[in-house]
Amino acid sequence: MKTGCRVAALLSVAVLVTGASTTRADDALRLNEIQVLGSHNSYKLAMPADNFAALKARNPTVAESLEYAHLPLSEQLDLGLRKLELDVFYDPDGSRFPGRTTLSGSRFPVLHVQNLDDRSSCPDLLTCLGEVAAWSSAHPTHVPIFISFNAKDDVIDQPGFLVPLPFDEDAWLAMDAEIRAVLGEGLVEPRSVIRDGRRVWPTVDDVRGGFVTILDEGGSKRATYAGRWAERAMFATLPEGEPGAAILIINDPVADFERIQRLVRSGYIVRTRADADTREARSNDTHRREKAFASGAQLVSTDYYLPASPFGTDYVVALPDGMRCNPLLRPPSCQLTE
């Protein structure tokens, strides 16, 4: 695993060879001044055919909302995506999801919905992060990769559905430990950004080859995790103004367009969604996509970084090379390159 010193050395070479990301050395591009493309539920494969058919017979609307799938994580990164999302369950002894964590020893299986939508391109947290870290090692000057996590413990009140374990302090400590073990010194942690109640984002060049991890949770899970935010590996998605607040998840760029713009201008990083539940892809409706980009949200997630051909439309969400300088914060002349 690369160290901070190695990243800095590689950066120095990259700047000499390719030039700085902006034209002025005293106005370096900061991490909150970019906009990158990401995928939603990045690990997800198509539902098992029998599960999908049974669900569609019972609830076609829900079935349609789950009718999407993704390439392996490394292939998404090859396409320029720099925002990934993983759903994790807590399985400390490997008994709840047999076989998923056997090889890696991870305590966190990765899947969407237990007993239903449970096929993943990488089976557990250590394996998924390992794939990302391996890609990073092969591309050491990449723009930092953002990875958000849902900690899944919802109970599905139906016969035969597994009852997941809740996320307690032991789970949070174990999850942080796995993230740090794989991503190492490339990890940008909350305590390095939030200083004296202010958000001081590093320059992109200072953290090339690095990673930012985000806990996408609210309620008691967020409160428990964020109570010790300065010790954590992940940024908790706290409301603006709270201690530890730096990254927010605001899924609707249409209804919350002005709010997202205000937060971005205030120095927060925001993740939003260009589409949801396959609706835009089916109808080729690009309004939400355009609002997402125009909002200035730094992280724009989609299920369709490739055209939605299964639905007979050309709907796609794309940025040149998957990333650009943030249109709300930087002039059109700004260039972001890898």
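Structural remarks
- Restricting attention to region 149-163, the residues that are open to solvent by 10 Å² or more (accessible area, probe 1.4 Å), in contact (Cβ under 8 Å) with a residue 12 or more places away in the chain and aliphatic (A, V, I, L, M) total 2.
- Within region 164-182, considering residues that are part of a helix (DSSP H, G or I) and touching a residue at least 60 places away in the same chain (Cβ under 8 Å), the one nearest to residue 137 (Cα to Cα): 182
- Long-range neighbours under 8 Å by Cβ, at least six apart or interchain, first residue closer than 20 Å to residue 171 by Cβ within region 201-225, second open to solvent by 30 Å² or more (accessible area, probe 1.4 Å) and of a type in the set (A, V, I, L, M): 214/249; 216/249
- Of the set (1) open to solvent by 10 Å² or more (accessible area, probe 1.4 Å); (2) assigned to a loop (DSSP other than H, G, I, E, B); (3) of a type in the set (A, V, I, L, M), all apply to residue 81 but (1).
- Enumeration of residues in region 56-78 that are touching a helix residue (DSSP H, G or I) at 6+ places or on another chain (Cβ under 6 Å) and open to solvent by 10 Å² or more (accessible area, probe 1.4 Å): 56, 74
- Per-region count, region 98-126, residues over 20 Å from residue 46 (Cα atoms) and not in a helix (DSSP H, G or I): 9
- If the condition is being under 29 Å from residue 27 (Cβ atoms) and among the hydroxyl-bearing types (Ser, Thr, Tyr), then region 178-221 contributes 192, 203, 213.
- Here is the figure for region 100-113: residues that are surrounded by fewer than 21 Cβ atoms within 10 Å (Cβ to Cβ) and polar (S, T, N, Q) total 2.
- In region 127-148 there is at least one residue matching the filter, namely being in contact (Cβ under 8 Å) with a residue 12 or more places away in the chain, acidic (Asp, Glu) and in a helix (DSSP H, G or I).
- Out of 314, 285, 275, one residue alone is acidic (Asp, Glu), more than 21 Å from residue 205 (Cα to Cα) and either open to solvent by less than 10 Å² (accessible area, probe 1.4 Å) or without any contact (Cβ under 8 Å) to a residue 12 or more places away in the chain (or both). It is 275.
- Considering only residues in region 243-255 that are over 19 Å from residue 146 (Cβ atoms) and in contact (Cβ under 8 Å) with a residue 12 or more places away in the chain, the one that is surrounded by the most Cβ atoms within 10 Å (Cβ to Cβ) turns out to be 252.
The values are calculated or read from the model by the stated rules, or taken from the named source; none is laboratory data. What you are looking at is a predicted structure, and each value in this text was computed from that prediction instead of being measured. Because the Cβ atoms are built from the backbone with ideal geometry, glycine has one as well, and the counts that use them run over all protein chains shown. Areas reflect the complete protein model, heavy atoms only, side chains present, ligands, DNA and RNA absent. Shrake-Rupley method; radii C 1.70, N 1.55, O 1.52, S 1.80 Å.
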